Amino acid sequence: MKNEPPQELLRRIPAVDQLLLRPAIASWVESTGHEFIVAEIQRLLAEVRAAILSEDADAGTTPEQLEAALGARLGRRLRPGLGPVINASGVILHTNLGRAPLSDGARETLSAHSAGYTNLEYDLSEGKRSQRDKLIQPLLREVLGCEDAAVVNNNAAAVYLILDTLARGREVIVSRGELVEIGGSFRIPEIMARSGALLREVGTTNKTRIGDYESALNENTALLLKVHPSNYRMHGFTEKPALEALVDLARRRRVPLVEDIGSGCLVDLRPYGIADEPTVQASLSSGVDLISFSGDKLLGGPQAGIIAGARSLVEPIRKNPLMRTYRVDKLVYGALEATLGSYRFGRAAAEIPVVRMIAMTVEETRRRARRFARRLRPRLPGGAAVHLVEGESVVGGGSCPESALPSILVSLESEAVRPGLIESRLRSLDPPVIIRIEGDRALVDLRTVLPVQEKVLAESLLEVVSPGFEPAPGPQGG
Ligand SMILES: *Cc1c(COP(=O)(O)O)cnc(C)c1O
């Protein structure tokens, strides 16, 4: 073939109509559309012609080769942009992987709410329009122990709305130790500047005392803001006032104390070895006037921002015209309501995947890893092996950076396939599998793998170390 003159090769290319008669291609026409497939064939043939003329590739011109090339092309083109992945990285709240997986209850609610109509803004007893915020309020008040609450699109929006509503043109006192960047360019000073609030920095990076807040207070102070440092911690020569001291100062000087608490932890995680995450309820009951947090971090629900606290502060935020630009839809309300329902009945550790993953003991991870390795071993190709190794999972998502969770991990080794190649091959599968490389080892952390995914995960690991591995047609393949 290689030595044939280009003109000869070009003549061999079949006509579009001839290709359309092939049963496989006809079935693709059925499942997509005639025009779409014809256009794809035309583009493919144009590429093949160009390859022949530039003589830089041996382009297949038989109908079989063209059908295969078209199949690969369609596989790439029709794969949805967003799809499920298996998270075997051990990072529980992996922001790049969509943070919290939802509970079964939330999933069922989503499917029930999505296909039809709901009473989102409809008062069923009056038969009139109502507010979407109203439906979930009693549950939020009950679970969080607050007077009032509002839900927006995410916590970044919540912080922005709080500042815009309560502090536009006035001063907000923040410790220099808390002027943090959360990631994704959410920087407290920049958000503050955009909202029109005036940042009044106090203290130093490592030490801020109650007296620093006190001497910065003046008649133009709108609020005291405390920011959870998220994935950043300071050690050594540091100091910050106790929350109680800030509450006391805010009361005495009659300014609201607002806390961006970040993660929205609703259960005490200390029994699971996590000491550096304050709960929402503890903050509110110690007297913080208003707090905001994410719905999809430790709370374990959908992406949302929750603003909770004194009615006198929540109500003006709800009335802010910008609220309309951050409102959430029926699906978010539904998933959030179902998630909060698990907390109401003390069933978070049983029902919320994020809490369940955190609560998993090292013994449980060992049992699971052992069972998984036992299932894999008899089927591994020659030169490949799995071993159990001690390691750590992390909460992630800017929560509890100090607290690693001891876990037993599965290390996949192969004489023929380097760890980096194992990792990238796993990423190319459908569904993609995300693992981590540590000290030149490919490590699988089952803590973040849902039990229903274990079987597919096992097949995926076997596949990427097998001698016959073929990269799937993906954006980089074909
Ligand atoms: C994560 C985080 C945010 C941003 O929350 P999103 O819900 O991701 O918008 C803001 N503040 C703190 C302290 C955080 O940890």
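The values are calculated or read from the model by the stated rules, or taken from the named source; none is laboratory data. These figures come from a predicted structure and were not determined experimentally. Because the Cβ atoms are built from the backbone with ideal geometry, glycine has one as well, and the counts that use them run over all protein chains shown. Remember, those area values only see protein heavy atoms, side chains included, never the ligands or the DNA or RNA. Shrake-Rupley method; radii C 1.70, N 1.55, O 1.52, S 1.80 Å.
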Task: Answer residue from segment 249-279, given it is in a helix (DSSP H, G or I) and touching a Leu at 6+ places or on another chain (Cβ under 9 Å) and is most open to solvent (accessible area, probe 1.4 Å) among those - done: ARG251
Open item on the list: Restricting to segment 148-158, give me the number of residues that are near the ligand (Cβ under 8 Å from one of its atoms) and open to solvent by less than 10 Å² (accessible area, probe 1.4 Å).
Closed with: 2
Open item on the list: Among the residues that make up segment 111-129, is at least one of them in contact with a helix residue (DSSP H, G or I) (Cβ under 7 Å, 6 or more places away or on another chain) and part of a helix (DSSP H, G or I)?
Closed with: yes
Open item on the list: Given the condition charged (D, E, K, R), surrounded by 14 or more Cβ atoms within 10 Å (Cβ to Cβ) and farther than 29 Å from PRO431 by Cβ, answer yes or no: does some residue in segment 54-77 qualify?
Closed with: no
Open item on the list: Against the definition (under 28 Å from SER230 (Cβ atoms), of a type outside the set (Gly, Ala, Ser) and surrounded by fewer than 21 Cβ atoms within 10 Å (Cβ to Cβ)), how does GLU390 come out, yes or no?
Closed with: yes
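Each row is one residue, and each column tells you yes or no for (1) more than 13 Å from the ligand (Cβ to nearest atom); (2) assigned by TED's automatic domain parsing to the domain that holds MET192; (3) closer than 28 Å to LEU299 by Cβ.
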| site | (1), (2), (3) |
| --- | --- |
| THR221 | yes, yes, no |
| GLU239 | yes, yes, no |
| ALA245 | yes, yes, yes |
| GLU259 | no, yes, yes |
Open item on the list: Kindly evaluate ALA112 against the criterion of being of a type in the set (Gly, Ala, Ser), open to solvent by less than 60 Å² (accessible area, probe 1.4 Å) and either in contact (Cβ under 8 Å) with a residue 40 or more places away in the chain or closer than 26 Å to HIS228 by Cα (or both).
Closed with: no
Open item on the list: Condition first: small (Gly, Ala, Ser) and in a strand (DSSP E or B). Now tell me which residues in segment 137-177 satisfy that.
Closed with: ALA149, ALA150, SER175
- [ ] With the checklist (1) surrounded by fewer than 11 Cβ atoms within 10 Å (Cβ to Cβ); (2) modelled with pLDDT under 90 in hand, flag the one item LEU9 doesn't pass.
- [x] (1)
Task: Extreme residue, nearest to GLY397 (Cα to Cα), among residues of segment 63-98 that are touching a Ser or Thr at 6+ places or on another chain (Cβ under 7 Å) and assigned to a loop (DSSP other than H, G, I, E, B) - done: LEU93
- [ ] Considering only segment 286-314, state which residues are open to solvent by 10 Å² or more (accessible area, probe 1.4 Å) and within 15 Å of LEU140 (Cα to Cα).
- [x] PRO302, ALA310, ARG311
Task: From the options ARG368, ARG375, ARG436, residue that is within 19 Å of the chain's Cα centre (by Cα) and over 30 Å from ASN153 (Cα atoms) - done: ARG436
Task: Residue among LEU199, LEU225, LEU246 that is open to solvent by less than 60 Å² (accessible area, probe 1.4 Å), touching a helix residue (DSSP H, G or I) at 6+ places or on another chain (Cβ under 6 Å) and either over 18 Å from GLY287 (Cβ atoms) or touching a residue at least 12 places away in the same chain (Cβ under 8 Å) (or both) - done: LEU199
- [ ] Assess whether GLU40 counts as being loosely packed, with under 12 Cβ neighbours inside 10 Å, within 16 Å of GLY75 (Cα to Cα) and acidic (Asp, Glu).
- [x] no
TODO: Output the residues belonging to segment 165-195 that are open to solvent by less than 50 Å² (accessible area, probe 1.4 Å) and more than 15 Å from the ligand (Cβ to nearest atom).
DONE: THR165, LEU166, ALA167, GLY169, GLU171, ILE173
- [ ] With the checklist (1) outside any strand (DSSP E or B); (2) open to solvent by 30 Å² or more (accessible area, probe 1.4 Å); (3) more than 30 Å from GLU181 (Cβ to Cβ) in hand, flag the one item GLU413 doesn't pass.
- [x] (1)
Open item on the list: Looking at ARG73, ARG43, ARG99 in this structure, which one is more than 26 Å from LEU340 (Cβ to Cβ), of a type in the set (D, E, K, R) and touching a residue at least 60 places away in the same chain (Cβ under 8 Å)?
Closed with: ARG73
Task: Entirely in segment 1-40, the helices (runs of 4 or more DSSP H) that have 3 or more residues that are in the same structural domain as LEU74 (by TED's automatic domain parsing) and within 37 Å of the chain's Cα centre (by Cα) - done: 23-31
